[in-house]
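To keep things clear, I will list the structure first and then write my remarks on it.
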Amino acid sequence: LTGFITLDPGYKNSGSCTSKITFLDGELGILRYRGYAIEDLAEKADFLEVSYLLIFGELPTAAQLVQFETDIRKHTLVNEEMKNIIDGFPRTAHPMGVLAALTSALTAFNPKSVNVDNEKEMYHAVCKTMGKFLVIATWTYRKSMGYPLNYYDNTKGYVENFMRLMFQLPTQPYMDNPVVIDALDKLFILHADHEQNCSTSTVRMVGSSQAGLFASISAGVSALWGSLHGGANQAVLEMLEEINKNGGDIDKYMAKAKDRNDPFRLMGFGHRVYKNFDPRARIIKKAADEVLATLGVDDPILDIAKKLEAAALEDEYFKSRNLYPNVDFYSGIIYRALGIPTDMFTVMFAIGRLPGWIAQWKEMRENKEPIGRPRQVYTGATLRDFEKK
Ligand code: SDX
């Protein structure tokens, strides 16, 4: 029968996948990690608790959480020779490019992490990745500023360490502010996993060839960098700053976003799956108000964001296409209030998404899934006789 393609038995394993980790309902705007509503986790859990849930399938007991944090702390020292790699980059290098390179380089210093053949080796690789990735992610900022690289402080928590690793010497005045730490913890939770998005599918695909965890995560970092994916949070801020520079002319940018001949898109709007409000955007919008109020920051960018959101939600073009604010629309406003530079925003997304990448890679490996091999519908030339031109 022409026009029909036969699906060989291997096909079913090379396209979509089954997973027990995250559930999305794009029509209803529902997001659950291992069955728990994102709204509950963001309000009642902390980032390492949620990381444990995603990776191991159950919320940790108090003792398991203490043990997990203790085991992560054992791996927060990064081999000093890794500094030779970061020193090879210009200060102007984009942090996501540096992070992808450093993550892949971790394999060279931890060769045993390539093959995790049992539960003990898997747990070891999980803790090592959670510990080292946070440190090298902050090193990309320190490098760009020409500052000395900081070390993890084992007397502080995971999210507190992020602020110290980033800002210590010079010290940010609110480095230990509980509202700031809580907002960051919530942001990391909200970014932690999102089913088979572009970067997570990349991590699973690379890992399915038996490539190691660091190499697979490095590939995920590269996929997340794109402006249509994790790079959108940086693109949102650049868009809002441009609108602010142009007198806050919302109508001009709404018209550009709707003009089919203009490649401009309203960054932070729309989603491949959510055709309703992204539940994460609602929570982040509330956190943005709280953080800016606590820090006494009066940011015109936040006002522009709210006006843009209101205009888009009323607009027929956006409503007819189910375009709503997504996770990236408000997150950058919080990062900016904390003094994090825009080119570090996607690194923030990567830090949050790390436990999801690990959980999905671990699930794929434990399911002993075959190497990913998507098929295609061939639309090229039929057989031709070779004749020199
Ligand atoms: C993330 O997959 C995930 O889960 C990703 C993520 C995660 O947690 O991992 O949620 C994180 O990547 C969020 C998305 C961040 N990206 C952006 O904010 C970039 C701006 N958004 C768009 O580029 C777009 O909405 C996408 C890429 C996010 C989704 O694209 P779709 O679903 O493929 O939509 P489409 O390209 O098919 O567009 C449908 C229509 C088109 O118009 P028509 O052809 O019908 O006339 O909607 C229009 C598009 O032009 N459209 C937009 C728009 N997004 C879609 N028009 C203006 N502004 C936009 N943002």
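The values are calculated or read from the model by the stated rules, or taken from the named source; none is laboratory data. Model, not experiment: these values are computed from the prediction. Positions of Cβ are generated from backbone atoms using ideal geometry, with glycine treated the same way; all protein chains shown enter the neighbour counts. Note: areas computed on protein heavy atoms with side chains; ligands, DNA, RNA excluded. Shrake-Rupley method; radii C 1.70, N 1.55, O 1.52, S 1.80 Å.
Among residues of segment 329-357 that are on the phi < 0 side of the Ramachandran plot, those with a beta-carbon under 7 Å from a residue that is aliphatic (A, V, I, L, M) and not in a helix (DSSP H, G or I) at least six positions away or on a different chain give the pairs ALA337/VAL297; MET348/ILE340; GLY352/ALA192; ARG353/ALA192; PRO355/ALA192; GLY356/ALA192.
Which ones in segment 240-263 are among the aliphatic types (A, V, I, L, M) and either touching a helix residue (DSSP H, G or I) at 6+ places or on another chain (Cβ under 6 Å) or surrounded by 16 or more Cβ atoms within 10 Å (Cβ to Cβ) (or both)? Before you say what the answer is, go through the steps one by one.
First, the residues of segment 240-263 that are among the aliphatic types (A, V, I, L, M): 240, 243, 250, 254-255, 257.
Scanning segment 240-263 gives LEU240, ILE243, ILE250, MET254, ALA257.
Annotation: of all residues in segment 157-192 being surrounded by fewer than 17 Cβ atoms within 10 Å (Cβ to Cβ) and modelled with pLDDT of 90 or more, the one that is nearest to ALA137 (Cα to Cα) is GLY157. Report the residue count in segment 17-42 for those that are closer than 14 Å to HIS271 by Cα and in a helix (DSSP H, G or I). Total satisfying the criteria: 0.
All of ILE351, ILE334 fail the test of being away from the ligand (no atom under 15 Å from the Cβ) and modelled with pLDDT of 90 or more, apart from ILE334.
When you check PHE47 against the structure, is it open to solvent by 60 Å² or more (accessible area, probe 1.4 Å) and aromatic (Phe, Trp, Tyr), yes or no? Quick ask: steps written out before the conclusion?
Details: open to solvent by 60 Å² or more (accessible area, probe 1.4 Å): no; aromatic (Phe, Trp, Tyr): yes.
Here the answer is no, as PHE47 does not meet what is asked.
With the condition kept exactly as written, say whether any residue in segment 183-192 is in a loop (DSSP other than H, G, I, E, B) and in contact with a Cys (Cβ under 9 Å, 6 or more places away or on another chain). Looking through segment 183-192, none of the residues is in a loop (DSSP other than H, G, I, E, B) and in contact with a Cys (Cβ under 9 Å, 6 or more places away or on another chain).
Could you check, for segment 220-237, whether at least one of its residues is small (Gly, Ala, Ser) and over 15 Å from the mean Cα position of the chain (by Cα)? Spell out how you get there, then give the answer.
Step one: filter segment 220-237 for residues small (Gly, Ala, Ser), giving 220, 222-223, 226-227, 230-232, 235.
The next check asks that each one be over 15 Å from the mean Cα position of the chain (by Cα); those that pass are none.
The answer is no, given that none of the residues of segment 220-237 is small (Gly, Ala, Ser) and over 15 Å from the mean Cα position of the chain (by Cα).
Screening ALA183 against (1) within 16 Å of the ligand (Cβ to nearest atom); (2) within 20 Å of ALA281 (Cβ to Cβ); (3) of a type in the set (Gly, Ala, Ser) leaves a single unmet condition, (1).
Restricted to helices (runs of 4 or more DSSP H) entirely inside segment 44-120, those with at least 1 residues that are touching a strand residue (DSSP E or B) at 6+ places or on another chain (Cβ under 8 Å) are 47-56.
The requirement of being within 8 Å of the ligand (Cβ to nearest atom), aliphatic (A, V, I, L, M), open to solvent by 40 Å² or more (accessible area, probe 1.4 Å) and in contact (Cβ under 8 Å) with a residue 40 or more places away in the chain is fulfilled nowhere in segment 223-239; no residue meets it.
Would you mention how many residues in segment 86-99 are open to solvent by less than 40 Å² (accessible area, probe 1.4 Å) and in contact with a Gly (Cβ under 9 Å, 6 or more places away or on another chain)? Walk me through how you get there before you give the answer.
First, the residues of segment 86-99 that are open to solvent by less than 40 Å² (accessible area, probe 1.4 Å): 86, 93, 95-99.
Subset that is in contact with a Gly (Cβ under 9 Å, 6 or more places away or on another chain): 96.
Within segment 86-99, residues that are open to solvent by less than 40 Å² (accessible area, probe 1.4 Å) and in contact with a Gly (Cβ under 9 Å, 6 or more places away or on another chain) number 1.
Of all residues being in a helix (DSSP H, G or I) and hydrophobic (A, V, I, L, M, F, W, C) in segment 195-212, which is nearest to GLY356 (Cα to Cα)? Just the residue, please. Step by step, filter segment 195-212, then rank; the result is VAL203. A residue that is away from the ligand (no atom under 13 Å from the Cβ), over 26 Å from ILE30 (Cβ atoms) and surrounded by 14 or more Cβ atoms within 10 Å (Cβ to Cβ) can be found somewhere in segment 303-319. Of the candidates SER199, SER218, the single residue that is of a type in the set (Gly, Ala, Ser), within 16 Å of the ligand (Cβ to nearest atom) and modelled with pLDDT of 95 or more is SER199.
Give segment 246-266 a look and list any residue that's hydrophobic (A, V, I, L, M, F, W, C) and over 17 Å from ASN322 (Cβ atoms), or say none. ILE250, ALA255, PHE264, listed by residue number. Suppose we keep only residues that are charged (D, E, K, R) and surrounded by fewer than 20 Cβ atoms within 10 Å (Cβ to Cβ) within segment 264-284. Which one would you say is nearest to the chain's Cα centre (by Cα)? Looking at the filtered set, the residue picked out is ARG272.
Which of the helices (runs of 4 or more DSSP H) found entirely inside segment 223-333 contain at least 2 residues meeting this: among the basic types (Lys, Arg)? Spell out the reasoning first.
Values: elements: 232-245, 250-258, 279-295, 300-314, 316-320.
By residue number, 250-258, 279-295, 300-314.
Scanning segment 354-389 for residues that are over 22 Å from ALA223 (Cβ atoms), basic (Lys, Arg) and modelled with pLDDT of 95 or more gives ARG384, LYS388.
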